[in-house]
Amino acid sequence: MEAKDKARFISIAQKLAQHINNLAEDKNTRIRWIWELIQNAKDVPNEFGRCRMRIEIRENKFIFAHNGDPFRVSDL
């Protein structure tokens, strides 16, 4: 991966982390965000027909993967 692409991905990840931290203050959002993430994955075009997702929760990580096309920033 080129340094330019890596820097862009890091910037996007930092922005997402900040938004997630901001959302944690709202009780309804704390409950709803995972469902929104799943819905976004289902809405992304998928050549395989059915959407498959994997969620992993580790000590300091939350990993969400799906078999559709990658999210665009505008999807999030």
For the stretch 3-75, evaluate the Debye formula with one uniform point scatterer on each Cα (no solvent term) and list log10 I(q)/I(0) at q = 0.14, 0.15, 0.24 Å⁻¹, rounded to two decimals. -0.54, -0.62, -1.32
Picking from Asn40, Asn60, Asn21, which is most flexible by a Gaussian network model of the chain using Cα springs under 10 Å? Asn60
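Using 0.36 nm per residue of separation minus the Cα-Cα distance, give me the extension gain between Asn40 and Ile55 in nm, one decimal.
Contour length minus the Cα-Cα distance gives 4.0 nm.
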Which one, Ile20, Pro70, Asn60, is farthest towards the positive end of the dipole of the chain when Lys and Arg carry +1 and Asp and Glu -1 on their Cβ? Asn60
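We did not get these values from a lab; they are worked out from the coordinates using the rules stated. Not measured: the values here are computed from a predicted model. Because the Cβ atoms are built from the backbone with ideal geometry, glycine has one as well, and the counts that use them run over all protein chains shown.
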